[in-house]
Amino acid sequence: MLNPNSTKDASLTKLPAWRLSQEISRKNISCYEVMEAFLSRIDEINHEVNAIVALRARDELLSEARNKDKLLSDGMYEGWMHGFPQAIKDLEDTIGIISTNGYLGHKGRMPESDSQLVSAMKAAGSIIIGKTNTPEWGFGSHTYNEVYGATGNPFNHALTSGGSSGGAACAVALNMQAVADGSDFMGSLRNPAGFCNIFGFRPSWGRVPSLGADLFYQNCSVKGPMARNVPDLALLLSTLSGYDTKMPSSLADDANLKALTPDNVCERLSSDIKEAKIAWMGDLDGYLPMEDGVLSVCEAALNKLSTNASVVAEPLAPFFDPAMFWERVWLPIRHFASTQLKPLYDNPDMRRLLKPEAIFEYESSLNYSAQDLFNAGVIRSEIYTKLLGVFEEYDYIAVPTAQVFPFDKTIDWPKVIAGRKMDSYFRWMEVVSHWTMTGCPVVAVPAGFNAAGLPMGIQFVGKPRSDFELLQFAYGLEKALNISTL
């Protein structure tokens with residue numbers, strides 16, 4: 001039974017993760033009760049949005065929850081996620097659970113081992129209940145695939161939740177799990193967070209170890225946390241992060257992150273954000289087309305910060321040529337990353353199961369030479385150097401999390417924004433591309449809603465490797481903006 005002194009009249013599924021963890025560790029609630037509550041919430045709402053897929057059998061999960069309670073009664077506490085029901089993004093291998101990558105050719109695929117991220121969450125005590133939906137191979141900021149279908153938006157189920165971590169963002173927003181993992185190459189932790197009115201965090205390169213066939217060159221995609229509040233975001237990042245000898249680019253443990261616990265996280269994140277200086281880059285001085293309302297929602301949030309926390313936000317023109325960046329940096333590096341699809345592309349039976357966007361990615365990679373990739377790296381390096389100059393004057397850079405509000409989930413991608421034709425399936429997400437290439441940490445923060453009640457977020461880009469400081473700033477933003485989620 002619930003302890004009336006701890007969670008009186010509160011729904012278990014709506015509790016902050018840090019508070020839920022406290023209640024479990026103190027035995028005020030049982031892991032069995034927690035599992036029952038979350039599975040009931042999934043039963044209630046998931047059929048309307050299709051966020052969680054490959055859900056395991058209820059009796060199996062309740063049995064595992066009982067085992068977690070037995071461990072606690074025997075004095076064995078596994079970590080702050082002890083007994084947490086967790087669905088994992090369907091780009092991660094999970095032993096004993098179908099893992100498809102959203103690809104029809106992997107329908108029914110059952111991995112024989114867990115990914116590193118899954119192992120970390122299990123080590124912290126979580127119970128893996130299934131997967132969160134994702135677009136095929138994570139391609140696209142709109143979550144749909146031929147295995148499971150499309151994921152709806154928490155605020156309007158006929159619209160998209162974004163992507164590629166759309167299932168994760170929707171599940172967290174609708175209280176089907178307390179926190180979630182995601183990954184991000186082109187905004188996949190940022191766009192769905194903005195579309196679902198929650199927080200997403202793209203860590204610095206190497207902060208969260210990520211193993212793959214290429215341990216050295218591929219450094220654009222990162223894995224990170226999503227949550228309804230910043231303390232929960234920080235706790236999950238602490239769990240996922242840390243140095244790993246198997247990944248040569250992984251960063252040394254951050255003592256500030258690793259020291260976080262449910263009991264101290266709010267205190268440790270508290271800091272004075274007064275007079276922090278933000279460079280507002282908006283639509284890059286008119287370069288990026290924006291749906292009506294995107295900039296005004298974000299600017300209203302910045303004005304509120306100025307009033308409530310004396311945060312200074314100033315417009316800043318681009319310190320690089322956006323058109324040149326797109327053609328000579330983004331496209332070569334982005335398409336090169338899809339060369340992993342070559343075995344599938346070369347097999348006619350597997351190729352016919354690939355969606356057109358995946359084929360477009362791979363075939364486009366054939367248009368670039370080694371010299372093109374080298375030149376992209378040189379220009380990228382020059383832009384990074386200029387970025388360091390910006391950070392000598394400003395503490396953070398801010399831009400929207402997307403160029404449009406959530407759109408019809410039955411279309412593949414927005415073809416036109418503000419009268420401008422989008423020439424590829426990812427052009428509408430150009431606003432996130434520049435910050436991917438810097439390797440800096442980026443937090444997505446809810447900004448507010450348009451007249452139709454649809455959410456938008458703001459990205460705040462932090463200085464290199466300043467993950468903990470950016471989380472502190474985000475916590476200040478959360479309080480100053482008085483952000484509340486579903």
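Here are the numbers for the structure shown:
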{"read-out": "Cα-based reach from Lys463 at 14 Å (exclusive), listing aspartates and glutamates while leaving out same-chain residues under 8 positions away", "value": "Glu392, Glu393, Asp395"}
{"read-out": "The stretch 358-428: equivalent-ellipsoid semi-axes (sqrt of 5 x gyration tensor eigenvalues, Cα, Å)", "value": "29, 24, 9"}
{"read-out": "In the stretch 209-316, the chymotrypsin sites (Phe, Trp or Tyr not before Pro) that fall in loop regions by DSSP, at most 10 other Cβ within 10 Å", "value": "Phe216"}
{"read-out": "Helical contribution to [θ] at 222 nm, DSSP H n ≥ 4, -39,500 (n - 2.57), averaged over the chain, rounded to 500", "value": "-10500 deg cm²/dmol"}
{"read-out": "Per-selection Rg to Rh, the stretch 117-182 - Cα, Kirkwood hydrodynamic radius", "value": "0.99"}
{"read-out": "The chain, relative contact order in percent, only Cα pairs under 8 angstrom and at least six apart counted", "value": "16 percent"}
{"read-out": "Over the stretch 252-393, volume per residue of the alpha carbon convex hull, in Å³", "value": "222 Å³"}
{"read-out": "Descending principal axes extents, the stretch 1-102, alpha-carbon based, whole Å", "value": "43, 30, 23"}
{"read-out": "Longest site-free stretch - the chain; sites: trypsin sites (Lys or Arg not before Pro), DSSP loop, at most 16 other Cβ within 10 Å", "value": "110-245"}
{"read-out": "Length added when fully stretched, Ala57-Ser369, from 0.36 nm per residue minus Cα-Cα", "value": "107.4 nm"}
{"read-out": "Sites Lys107 and Lys274 - FRET efficiency at Förster radius 41 Å, r taken between beta-carbons, to 0.05", "value": "0.20"}
{"read-out": "Cα pair distances in the chain, grouped into 10 Å bins until the bin that holds the longest one, percent each", "value": "4, 21, 33, 27, 12, 3, 0"}
{"read-out": "Peptides 467-473, 193-199 ordered by average Cβ neighbours within 10 Å, highest first", "value": "193-199, 467-473"}
{"read-out": "For the stretch 261-299 versus the stretch 190-217, the gap between their alpha-carbon centres in whole angstrom", "value": "18 Å"}
{"read-out": "Arg420 paired with Leu215, simple spin-label distance in nm, labels 7 Å along Cα-to-beta-carbon", "value": "4.2 nm"}
{"read-out": "Overall form of the stretch 331-471 per C-alpha gyration tensor (a/c, 1.5; a/b vs b/c)", "value": "oblate"}
{"read-out": "Over the stretch 91-197, relative contact order from alpha-carbon pairs under 8 Å, at least 6 apart, %", "value": "20 percent"}
{"read-out": "Beta bridge orientation in the stretch 12-480: antiparallel %, DSSP, nearest 5", "value": "70 percent"}
{"read-out": "Cβ-derived FRET efficiency at R0 35 Å, Asp321 paired with Glu469, nearest 0.05", "value": "0.75"}
{"read-out": "Cα radius of gyration and Dmax for the stretch 153-245 (Å)", "value": "13.3, 45"}
{"read-out": "The stretch 257-315, relative contact order in percent, only Cα pairs under 8 angstrom and at least six apart counted", "value": "49 percent"}
{"read-out": "Projected label distance in nm at Glu314 and Ser296, using a 7 Å step from Cα toward the beta-carbon", "value": "2.7 nm"}
{"read-out": "Cα→Cβ-extended label distance, 7 Å offset, between Glu44 and Lys386, nm", "value": "5.1 nm"}
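Here, each number is a calculation from the coordinates, and none is a lab measurement. These numbers were taken from a predicted model, which means no experiment stands behind them. Cβ: placed from backbone, ideal geometry, glycine included. Neighbour counts: every protein chain shown.
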